[in-house]
Structures are given as structure tokens and as C-alpha cells.
Amino acid sequence: MPSLPQLLSGRILHFAKLSATSSSESNSSKQVKFPKKINRNSATSVRRADSGSPLRKTQKLNLEVSPHRAVSAVRLMRIELGGAFADLLNEQGKGSGDNEMGYVERTLGFRTRDLDDRDLRLVTEVVGGTIRWRRYLDHLILSLCHNERTFRSMEPLLVQILRIGFYEITKLDMPPYAVVDESVRLAKVALRPGAGNLVNGILRKLVVLKESDSLPAVKVEGDDRQQARGLATLYSHPVWMVRRWTKYFGQDEAIKLLTWNNSCPSFSLRANTRKGLTGADLVSRLKMLKVPHEPSLYLDDFVRLKTGMQNVIQAGLLKEGFCAVQDESAGLVVSIVDPQPGENIIDCCAAPGGKTLFMASRLNGKGTLLAVDINEGRLRILRETAKLHQVMDVISTIHADVRTFSTDKVVEWDKVLLDAPCSGLGVLSKRADLRWNRRQEDMEQLKHLQDELLDSASRLVKPGGVLIYSTCSIDPEENEERIEAFLLRHPEFDIDSVNKYVPENFVTKRGFYMSNPVKHELDGAFAARLVKSQ
């Protein structure tokens, strides 16, 4: 299989050689309006096919613009302006790629040819990489503009075209002048000739500087604040995150974490044993699909993938419920819950349900698992997935806020899992967009919410029962500090060390579970196991 730069290079050169072609086909979609001007000259025109017939649209099919580039630009706009998640293609596969062409047409005013499997891989790489490196890319673009005002006044689409071009040239080492040619073509067709001229001038400056190894440098010097700003630009993260991690982990460890977050993420699959599929069976299926994989070092039914997720999706393994996408760090939290057949367990913030489904499979048809969540739509998805995974025999769901639910119920449970809403700072390698959506002010609000949820969840634990608090964060204030504060308020609970449930290198000095992205090559996660006195 060709490397990604080769794949991208071949794709760009192929489209650069195509002549302008157009054809028409029917579609009733309407053009979407964005804050900045979208060129209307290439928009679809409306005509009447014949007397008395409904209006039909004549679509403009443009084969000059590569589909992966058009889709990437539009998807980046949707993510930044609010309306899409960066990992949608990974989760939904080719179908979502087909749907993406509708967004392209409504936004740009023309269609490209449909996405194929290679295009989907390119979109995933370009979109994810451009989002990760956004701050650094903007630093380069701003450095090459005549002035800051030029950059700040650009249309959203023009900014995304430049970011994609800068990413492909500086981070993917693609043939630079092919990138320039294709970027200019997209800007001219989707916006206006002047936009193409601007893209041409800026990207050509970039090429000259890169070839002479003289890209605008990022200075990491001065006092703590200045160094944090430099690191934030160099590694493309918000300044507040860099300062926070430097404070808690030291600069060297913070840089390792920043580097990890910018690396290509791996994914893990959990075999669904309730449908008779073991980890070994899943490995056999992956071998048949020729998907590179390796077994988990920590969990029997988990397999790790670096590439090939599209093949898994298209083979139907997820759609048919034979396996689920679940990071091993989340699987280890379920190991800490240690569900046993016959137990009564409540999952207080259950949706979208990854841990719920895994716990249900461990009950093996015996016991009760109540899934509570405040989001009714996500709870509905959980029920549908539970049916697919054949674990509804032990699962029941309640649409409720656990803070209210816990005051109305006198039922006490063997085990209570609170997988609390959190910053998600442990999963930034997979959720590239999250680093730009999270704010420092969120942290205080989340801590307050986590304390309220912990107090509420504790009321549901029977004497001698277990409360498990977990997050997908690496932040001490969301993790250890929340538990220490909870224990001061609730002396009836004691820490039960997790060393009986997970490998020793995940256990902290206080007996908590912590997965470190750099150390363990997993998502960052935390869990504490607390026992209520008899």
C-alpha cells in the first residue's frame, strides 16, 4: 500500500491534469449561508424542466477540484463554526462521506466527484492534522501575510484552504507546487479569482522558505508566560493548557504530552462476547480483512489498530454488533468496577454507553444494570446499541438527572459507577477539535458539577457497596482533588485500592487508577474505587 504522502501526491497530480468538465443531475438541496461571503457565480441554477413540472436544479459538477480537498475545506468550516465533530468519518464511515458531498454542494455551489475509500482516508488525515496544528499553521500564515489585518479579514473558506495547503506542505511533505496549484484552483472556483491569486502568492512564499529551511521560527524563551506562549504555538495548543500542564507535570513532561496529542491516534476494538466473539475470533477477522493489529497488553478481548478502521466499518463488524470501538483505558475502568453476575449496578451518567455495554456483557445475563442519563437522545442510542449487542436482558434505562434521581429513590445498589462529565483532556489525540473548544473557565464549572454528582451518586450506594468515580481527564483538580474533597464530606467512604483489578503500573500511591497517554500509550483516564462502611 502506498504511503500517505504518495497517496496524496498522486491524487493531487491526477486532478491537476483534469480539464474543466461539468454535467447536471437533480437535487433539491439549498445553499447554506456562512458569515463570510460565498461565491454565488458557481452556485446551482434553478430552471423549470417543462411546463407544469416541479423545479429542478442543474448541478455543476467540477472535476478540476479534488474531492478530498473540497470535503476537507467544508468539514473544517463546519467544525470551526459549530456543526460537526472531527471524528465523524471515523465513526460512521463511507456513508458520512457520501453525505459530506451534499454539504460541499450547498457551501461551495458545485459538486466534485464522489468520495472513494482513498478519499475518505485523505479527508480523515487532512482534517485531523489541520485541526491539531491550527495554531502553528496560523502563525505561519500570519507571518507570510502583508499584515495581520489581511489574515483577520479573510473569509472562513479562504482560511481553511490556506491551512490545508500549509499543513500538506509543512507536515505531510507533499509536492509543494502541486499543492499550490490545487489550492489556487479551489480558491478561484469556490470564491473568486482574486482569492486564488492571494493563495498563490502566500503558498509560493511558503515553498521558498521551506526549501531554504527558513520557516518563521517560534521562540520559546523569556519568563514562564512567554515560554508557555511559545510552546503553545510550536505544539499548537491553547496557552492555558500548556501553563496548566507545565505547573502540574513540569515542562519536559508537558512537552511529551503535547507531542503525544499531535501524533496519529490508535484505536481499540472490544470483541462482544455476548455474540460469541472472543478476542481471538476478532483477531482472525482482522487478519482476513488484512487490517494491521496487535492484541491488548492489558485486556483479553481488546485489539489495538493503528490503521484500517474504514475496512472494519465497511466489513460490518461494528454495524452487526460483533465488536465496539472502545479505548483500553475505558475498559480498565470497567475492570475496576468488576461487575459480577447477579449484582445490581447503576451507571449514573451512562450515555453514550461504552462502559455500560461492557459491564452488561460481564454480567452474562444475570443481574441488573440501570443506565441513567440526562440526555434522552443519547440514551435512546444506548438502548439501540444494547439491543444490537444482545445485552438488553440486564439493562434498563431512565432519562433523569442523577442529582434529582438520587433524592427520590431509596433503592441502594451493590455498585455505582459515576463516569463524570469532564474536560476530556486525556483524549485530545483522538478528539483533535476538543483542545480548541475547551476553555479554562470550564474547569471551575466542571469541578462544581463533579462534586454535586459525587454527592448524589454516594446516596445510591448500599452499606458495604462500592462507588467508582472515573473521568477521561489527566487533570489533578478533576481527579485526585475531587476524591480528597469528597472523602472530607463523606467519612463513611474509604479508598479501596485498585491494585487488585488493574496492572501495577496504572496504580497511584493513593491507590487510584491513572492511565498516562505518554507512559501507557492509551487515552488518559482516572478512576477511584470507594467502599461505603457497613
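Of all residue pairs spaced 6 or more apart or on separate chains, those with beta-carbon atoms under 8 Å, a first member in the stretch 465-484 that is among the aromatic types (Phe, Trp, Tyr) and a second member that is open to solvent by 10 Å² or more (accessible area, probe 1.4 Å) are 469/482. Residue 318 meets the conditions (1) under 24 Å from residue 381 (Cβ atoms); (2) touching a strand residue (DSSP E or B) at 6+ places or on another chain (Cβ under 6 Å) in every case but one. The failed one is (2).
Look at residue 120 and say whether it is assigned to a helix (DSSP H, G or I) and without any contact (Cβ under 8 Å) to a residue 24 or more places away in the chain. For residue 120, the condition - assigned to a helix (DSSP H, G or I) and without any contact (Cβ under 8 Å) to a residue 24 or more places away in the chain - is not met.
Rundown of residues vs (1) closer than 30 Å to residue 243 by Cα; (2) open to solvent by less than 80 Å² (accessible area, probe 1.4 Å), yes/no style:
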position: 183; (1), (2): no, yes
position: 187; (1), (2): no, yes
position: 199; (1), (2): no, yes
position: 214; (1), (2): yes, yes
position: 219; (1), (2): yes, no
position: 222; (1), (2): yes, yes
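With respect to (1) at pLDDT 95 or above; (2) more than 20 Å from residue 458 (Cβ to Cβ), the lone exception for residue 338 is condition (2). Checked against the criterion of being of a type outside the set (Gly, Ala, Ser), touching a strand residue (DSSP E or B) at 6+ places or on another chain (Cβ under 7 Å) and outside any strand (DSSP E or B), the candidates 446, 522, 530, 488 yield just one match: 522.
With respect to (1) modelled with pLDDT of 90 or more; (2) within 26 Å of residue 239 (Cβ to Cβ); (3) open to solvent by 20 Å² or more (accessible area, probe 1.4 Å), the lone exception for residue 175 is condition (2). Residue count for the stretch 492-519 satisfying the condition of being assigned to a helix (DSSP H, G or I) and hydrophobic (A, V, I, L, M, F, W, C): 3.
Within the stretch 462-469, not a single residue is of a type in the set (Lys, Arg) and open to solvent by less than 60 Å² (accessible area, probe 1.4 Å).
Scanning the stretch 290-319 for residues that are closer than 20 Å to residue 117 by Cβ and either in a helix (DSSP H, G or I) or acidic (Asp, Glu) (or both) yields 309, 310, 311, 312, 313, 314. Taking residue 287 as the residue in question, decide whether it is more than 23 Å from the chain's Cα centre (by Cα), assigned to a helix (DSSP H, G or I) and surrounded by fewer than 21 Cβ atoms within 10 Å (Cβ to Cβ). Answer is yes for this residue. When each of 355, 366 is tested for being touching a residue at least 12 places away in the same chain (Cβ under 8 Å), on the phi < 0 side of the Ramachandran plot, among the basic types (Lys, Arg) and open to solvent by less than 60 Å² (accessible area, probe 1.4 Å), the lone residue that passes is 355. With respect to the conditions (1) closer than 20 Å to residue 513 by Cβ; (2) outside any helix (DSSP H, G or I), residue 358 falls short on a single one, namely (2). Within the stretch 251-269, residues that are farther than 16 Å from residue 227 by Cα and of a type in the set (Phe, Trp, Tyr) sit with their Cβ atoms under 7 Å from residues that are outside any helix (DSSP H, G or I) and open to solvent by less than 20 Å² (accessible area, probe 1.4 Å), at 6+ positions apart or across chains, in these pairs: 260/429; 267/305. Given the criteria of a type outside the set (A, V, I, L, M, F, W, C) and either under 22 Å from residue 129 (Cα atoms) or at pLDDT 95 or above (or both), does residue 183 qualify? Yes: the conditions hold for residue 183. Taking the criterion of being at pLDDT below 95 and open to solvent by less than 60 Å² (accessible area, probe 1.4 Å), the residues of the stretch 243-272 that qualify are 263, 265, 266, 267.
When 459, 510, 489, 431 are screened for being within 27 Å of the chain's Cα centre (by Cα), open to solvent by 50 Å² or more (accessible area, probe 1.4 Å) and in contact (Cβ under 8 Å) with a residue 24 or more places away in the chain, only 431 passes. Restricting to the stretch 440-456, count the residues that are in contact (Cβ under 8 Å) with a residue 24 or more places away in the chain and either open to solvent by 20 Å² or more (accessible area, probe 1.4 Å) or under 24 Å from residue 523 (Cβ atoms) (or both). Residues in the stretch 440-456 being in contact (Cβ under 8 Å) with a residue 24 or more places away in the chain and either open to solvent by 20 Å² or more (accessible area, probe 1.4 Å) or under 24 Å from residue 523 (Cβ atoms) (or both): 11 in total. Would you confirm whether any residue within the stretch 145-157 is farther than 27 Å from residue 313 by Cβ and buried (at least 23 other Cβ atoms within 10 Å of the Cβ)? Yes, the conditions are met somewhere in the stretch 145-157. The single condition among (1) of a type in the set (S, T, N, Q); (2) outside any helix (DSSP H, G or I); (3) buried (at least 16 other Cβ atoms within 10 Å of the Cβ) that residue 396 does not satisfy is (3).
Whenever a residue of the stretch 123-152 is under 18 Å from residue 71 (Cβ atoms) and among the acidic types (Asp, Glu), its partners that are part of a helix (DSSP H, G or I) and open to solvent by 40 Å² or more (accessible area, probe 1.4 Å), lying with C-beta atoms within less than 9 angstrom and at least six residues away or across chains, give the pairs 125/4.
Residues in the stretch 79-100 that are crowded, with 20+ Cβ neighbours inside 10 Å and at pLDDT 65 or above were compared, and the one that is farthest from residue 160 (Cα to Cα) is 100. Among the residues of the stretch 385-393, is any among the charged types (D, E, K, R) and either open to solvent by less than 30 Å² (accessible area, probe 1.4 Å) or assigned to a helix (DSSP H, G or I) (or both)? Yes: the stretch 385-393 contains one or more residues that are among the charged types (D, E, K, R) and either open to solvent by less than 30 Å² (accessible area, probe 1.4 Å) or assigned to a helix (DSSP H, G or I) (or both).
The values are calculated or read from the model by the stated rules, or taken from the named source; none is laboratory data. All figures in this text were calculated on a predicted structure; none of them were measured in a lab. Note that each Cβ is placed from the backbone with ideal geometry, even for glycine, and that neighbours are counted across all protein chains shown. To get the accessible areas, we keep the full protein, side chains included, count just its heavy atoms, and leave off ligands, DNA and RNA. Shrake-Rupley method; radii C 1.70, N 1.55, O 1.52, S 1.80 Å.
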